[in-house]
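**Q** Have a look at this one.
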Amino acid sequence: LNDQLTWKRDIPELFNYETILHSSFFRENDKQKHDEFQTWAIIYKSLLDEKKMDRAFFIENAILIQTKEWNNNLKSFFRKRIEEFNVTPDELIVLQENIFSYLHHPYPPITSYGIELIKKIYDHPKFKTKSFLEWLEPLMMRSDCKAAIKNVLPILEKINKSNPKLRTTIASIIADVYVIADLALQERATKI
């Protein structure tokens, strides 16, 4: 934190390379657990608190990391920082297209996380509803993303109420869920 070259040049580069910073822990005395404090959680918080790292830069890069083919624990580390730093809808809305891309990610926890972030911004005036619905449609046909699908239904219901022009589109997207569920039931029945 006291080395300007490190926090200006080196630490921002950590967003460009897969690291193991999520597994760096320390303790201050022998009475504490070995993993009492997570080193990089404290460093990032301090950098942001002291305005040595731009908050928008951190948020954008923590969002972008989620779609990289990196260690899932490292991605989880950055998701926890986003929650810990109480990222606002105004901060997220500028990254909505990046968040929408989570809906096509092959790893279901990322799609679920995308829906969690969308819950925070879907009623924002700058939310791109049509783009969201386009990104959402393929997700609704995935049998491995049940949690994301379940959590998006209330969002669709609220969008449907606030924007009646999209009712047909929303109805079509929701119908995909029932088609997939029906196919799954038929498949199970043939196995029995």
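**Q** Could you tell me whether the stretch 72-164 comes out rounded, prolate or oblate from its Cα gyration tensor? Rule is a ≥ b ≥ c as square roots of the eigenvalues, rounded for a/c under 1.5, then prolate if a/b exceeds b/c, otherwise oblate.
**A** Note, shape of the stretch 72-164 comes out oblate.
**Q** Let me ask something additional. Return an integer: the convex hull volume of the alpha-carbon atoms of the chain, in Å³ per residue.
**A** On the way: hull volume 29.2 nm³, N = 192.
That works out to 152 Å³ per residue.
**Q** For the Cα atoms of the chain, what angle does the longest principal axis make with the long axis of helix 55-65, in degrees from 0 to 90, nearest 10?
**A** 60 degrees
**Q** So with the 1.4 Å probe, I'd like the accessible area per residue for the chain, rounded to whole Å². Could the numbers behind the result be given before it?
**A** Values: 11420 Å² over 192 residues.
That works out to 60 Å² per residue.
**Q** Continuing with the same structure: Would you mind counting up the charge near Val87? Only other residues with Cβ under 10 Å from its Cβ, with Lys and Arg at +1 and Asp and Glu at -1. Write down the numbers at each step before the final one.
**A** On the way: positive: Arg55, Arg81, Lys120; negative: Glu83, Glu84, Asp90, Glu91.
Local charge sum for Val87: -1.
**Q** What's the FRET efficiency of Thr88 with Asp3 using the Cβ-Cβ distance as r and R₀ = 30 Å, to the nearest 0.05?
**A** Working: r = 30 Å, r/R0 = 1.01.
E between Thr88 and Asp3, to the nearest 0.05, is 0.50.
**Q** Moving to a separate point now. Over the chain, with every protein chain in place, what whole percent of the accessible area is carbon and sulfur at 1.4 Å, could you tell me? Walk me through the intermediate numbers first.
**A** On the way: 6110 of 11420 Å².
Answer for the chain: carbon and sulfur cover 53 percent of the accessible area.
**Q** Please give the solvent-accessible surface of His105 in Å², to the nearest 10, using a probe radius of 1.4 Å with every protein chain present.
**A** Taking all protein chains as shown, His105 has close to 10 Å².
**Q** What order, most packed first, do the peptides 115-122, 129-136 have when packing is the mean number of other Cβ atoms within 10 Å of each residue? Write out the running numbers ahead of the final one.
**A** Working: 115-122: 19.5, 129-136: 16.9.
Descending mean neighbour count gives 115-122, 129-136.
**Q** Any idea what angle helix 108-121 forms with the longest principal axis of the chain, computed on alpha-carbon atoms, 0 to 90 degrees, nearest 10?
**A** In the chain, helix 108-121 runs at an angle near 90 degrees to the longest axis.
**Q** Do any GluC sites (Glu not before Pro) in the stretch 33-86 lie in a loop, going by DSSP, with at most 11 other beta-carbon atoms within 10 Å of their beta carbon, and if so which?
**A** Working: sites: Glu36, Glu50, Glu60, Glu69, Glu83, Glu84; in loops: Glu36, Glu50, Glu69.
Filter output for the stretch 33-86: Glu50, Glu69.
**Q** Taking only the alpha carbons of the stretch 1-94, what extent do you get along each of the three principal axes, in Å, biggest first?
**A** Each principal axis gives a Cα extent; for the stretch 1-94 these are 45, 30, 25 Å.
**Q** Rounded to the nearest 0.05, what FRET efficiency is calculated for His104 and Lys31 with R0 set to 45 Å and r the Cβ-Cβ distance? Mind showing how you got there, number by number?
**A** On the way: r = 47 Å, r/R0 = 1.05.
Computed FRET efficiency for His104 and Lys31 comes out at 0.40.
**Q** Follow-up question, since we're still on this one. Report, ordered by chain and residue number, the lysines lying within cross-link reach of Lys126, taken as a straight Cα distance under 30 Å and ignoring same-chain residues fewer than 8 apart.
**A** Lys45, Lys51, Lys52, Lys68, Lys75, Lys80, Lys146, Lys150, Lys158, Lys161, Lys165
**Q** Hey, another quick one. Could you calculate the FRET efficiency of Asp49 with His124 from 1/(1 + (r/R0)^6), where r is the beta carbon distance between them and R0 is 35 Å, rounded to 0.05?
**A** Numbers: r = 26 Å, r/R0 = 0.75.
My answer for the efficiency is 0.85.
**Q** With no solvent and one equal point scatterer per Cα, compute the Debye intensity ratio I(q)/I(0) for the stretch 73-113 at 0.16, 0.19, 0.28 Å⁻¹ and report its log10, rounded to two decimals.
**A** -0.44, -0.62, -1.12
The values are calculated or read from the model by the stated rules, or taken from the named source; none is laboratory data. In this text, all values refer to a predicted model and were calculated from it rather than measured experimentally. We place every Cβ from the backbone using ideal geometry, glycine too, and count neighbours over all the protein chains shown. Each accessible area value is taken on the protein alone, full model and side chains, heavy atoms only, with ligands, DNA and RNA left out. Shrake-Rupley method; radii C 1.70, N 1.55, O 1.52, S 1.80 Å.
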